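> My questions will all concern the structure given below.
What follows draws every value from the coordinates through simple rules; no lab data is involved. Everything numeric in this text was worked out from a predicted model, so none of it was measured. Counting neighbours? That spans all protein chains shown, and the Cβs are built from the backbone with ideal geometry, glycine included.
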Amino acid sequence: MSNEVIDLLTALHEGTMSLNEVAERFRERSWPTRPSVHPKTHLDLAEADLRDPDPYLPDFHDDLAAAYDQARLTDEQYAVLAAAIAESIRAHEQDG
């Protein structure tokens, strides 16, 4: 199964796409969202605190963080791409 985000990050890392090209693709795509859970009681809040982190979602911005953690991105590349993701999410929230 292909993962567009990983494919784009690989292309950036290998030099077959520029940072601006990848950032533009990140701005154009729709990013999945995690369902938000709002604890209603202190017990719910404690249970939420004890749960494991959110599961991995393919084609999600978790892939950007993973690439950065693996030193496949520079600080600048990470900042530019994270900003592009934020722009995309804000734009889609306004449209929806």
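> Only loop residues by DSSP count here, and only those with at most 11 other Cβ atoms within 10 Å; note down the chymotrypsin sites (Phe, Trp or Tyr not before Pro) in segment 1-94 that meet that.
Tyr56
> Would you be so kind as to identify all helices of the chain, as entire DSSP H runs, whose Cα atoms reach 24 Å or more along the helix's own axis and whose mean Kyte-Doolittle hydropathy is at least -0.5?
75-95
> What do you get for trypsin sites (Lys or Arg not before Pro) in segment 9-95 restricted to DSSP loop and a cutoff of at most 12 other Cβ within 10 Å of the site's Cβ? Don't skip to the answer; put the middle values down first.
Working: sites: Arg25, Arg27, Arg29, Lys40, Arg51, Arg72, Arg90; in loops: Arg29, Lys40, Arg51, Arg72.
The qualifying sites are Lys40, Arg51.
> Once the other residues with Cβ under 11 Å from the Cβ of Asp62 are scored (Lys, Arg +1; Asp, Glu -1), what is the net sum?
-3
> Also, quick follow-up: With each pseudo-label sitting 7 Å past Cα toward Cβ, what's the Lys40-Asp7 distance in nm, one decimal?
Inter-label distance under the simple model: 4.3 nm.
> To continue, here is another question. Just the Cα atoms of the chain, one point each, no solvent: what log10 I(q)/I(0) does Debye give at q = 0.16, 0.19, 0.20 Å⁻¹?
Summing over Cα pairs of the chain leads to -0.74, -0.93, -0.99.
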